[in-house]
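Worksheet: one structure, shown below.
The values are calculated or read from the model by the stated rules, or taken from the named source; none is laboratory data. All of these numbers come straight from a predicted model, not from anything done at the bench. Note that each Cβ is placed from the backbone with ideal geometry, even for glycine, and that neighbours are counted across all protein chains shown. Accessible surface is based on the protein model in full, side chains and every heavy atom, while ligands, DNA and RNA are left aside. Shrake-Rupley method; radii C 1.70, N 1.55, O 1.52, S 1.80 Å.
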Amino acid sequence: MTTYTHETAPTQFVDANGARFAYRRFGKAGGVPIVFNQHFQGTLDHWDPAVTDGLAKTREVILFDNAGVAASSGVTPSSFQEMGSNAIAFIGALRLSQVDILGFSIGGMVAQEIALQAPEMVRKLILVGTGPRGADMETSQSQAIFAGTYQPAEHLWLKVHFSPSPASQAAGLAFLERKLTRQNRDPLVSQQTIDAQMVAIGEYIAYRETEGYLDYLKTIRQPSLVVQGSNDVIIPTYNSYVLQQTLPNATLILYPDANHGSFYQYPERFVAEAMLFLDG
């Protein structure tokens with residue numbers, strides 16, 4: 001039997017909800033798989049192999065492109081609720097009755113919607129660099145960072161995921177080297193996907209004007225691990241405190257001198273702490 005890794009796992013496809021979902025599946029089968037939900041403009045190849053292969057040593061890892069994203073067909077919807085519904089359809093198409101969910105950035109917002117819509121399907125949640133409905137984005141530098149020009153283009157992710165310190169930037173360069181090793185790469189996302197994700201972000205932030213906008217978090221009762229950098233300039237760190245304080249059963253980990261991609265800066269520590277959480 002072939003043992004696949006992040007670098008060698010083939011891209012497969014499954015049909016659900018009117019879309020053909022691209023996914024990769026690898027690691028130790030037999031337990032509860034962990035399904036990864038990706039960040040803004042992210043694809044199958046924007047994950048860190050140090051994280052995915054680290055977790056795959058003891059459990060099955062499933063990476064996928066949501067509807068309309070990169071190699072998946074269909075149209076990217078303009079709300080996280082619809083993205084959550086599509087993710088549930090994808091998981092169902094794989095005939096999985098229970099999964100753990102990891103969501104990074106806007107993927108963490110989708111992860112919350114999955115838990116709300118299909119609570120019986122979700123065993124545990126890992127929410128990385130994300131926030132609740134009505135997230136406080138007042139100090140976010142996201143718009144300016146994504147509007148910038150970078151040479152090479154991949155250096156955008158040094159600004160998005162890592163802090164300006166020499167140590168963090170060195171960790172960022174190591175991350176880029178790891179993630180660019182794979183051949184047969186996923187296509188980049190379309191403008192339709194970018195536009196739809198932007199609308200979904202705006203809608204999510206607008207919840208802040210609604211009375212009781214955080215009440216939904218109290219109904220997400222799965223054990224949750226909230227992971228964040230000490231100074232996230234994309235989805236400000238404060239939002240992770242809100243998640244931990246409002247979710248009924250949540251643990252918060254803050255990594256020092258870290259930005260949005262804190263688990264890419266500390267992949268070994270993250271994998272060890274994630275495994276303690278998932279196995280506990």
Electrostatic dipole magnitude of the chain [Cβ: Lys, Arg +1; Asp, Glu -1; Cα centre; debye, to 20]: 640
Roughly how many debye, to the nearest 20, is the charge dipole of the stretch 93-223 about its Cα centre, given +1 on each Lys and Arg Cβ, -1 on each Asp and Glu Cβ, and no other charges? 560
Measure off, as a whole percent, the carbon and sulfur share of the 1.4 Å-probe accessible area of the stretch 180-239, all protein chains present. 56
In the list (i) 50, 41, 40; (ii) 72, 48, 40; (iii) 49, 46, 32, the entry giving Cα extents along the principal axes in Å computed from the coordinates is (i)
Chymotrypsin sites (Phe, Trp or Tyr not before Pro) restricted to the stretch 134-221 and DSSP loop, no more than 16 other C-beta within 10 Å: Tyr150, Tyr213
Give the lysines whose C-alpha is closer than 22 Å to that of Lys159, dropping any in the same chain fewer than 8 places away, or say none. Lys179
Heavy-atom accessible area per residue - the chain, 1.4 Å, Å²: 42
Share of the stretch 102-149's accessible area from carbon and sulfur, percent, 1.4 Å? 47
Specify which residue in the list Ile201, Gln169, Ile145 is farthest towards the positive end of the charge dipole of the stretch 141-207, using unit charges on the beta carbon of Lys, Arg (+1) and Asp, Glu (-1), about the Cα centre. Gln169
Calculate, in nm to one decimal, what Glu209 and Gln169 gain on full extension: separation in residues at 0.36 nm each, minus their alpha carbon distance. 10.7 nm
Subtracting the Cα-Cα distance of Arg221 and Arg20 from 0.36 nm times their residue separation yields 69.3 nm
Set the Förster distance to 25 Å, then compute FRET efficiency between Thr149 and Val199 from the Cβ-Cβ distance, nearest 0.05. 0.55
May I ask for log10 I(q)/I(0) of the stretch 31-144 at q = 0.11, 0.14 Å⁻¹, from a Debye sum over the Cα atoms as equal point scatterers with solvent left out? -0.34, -0.55
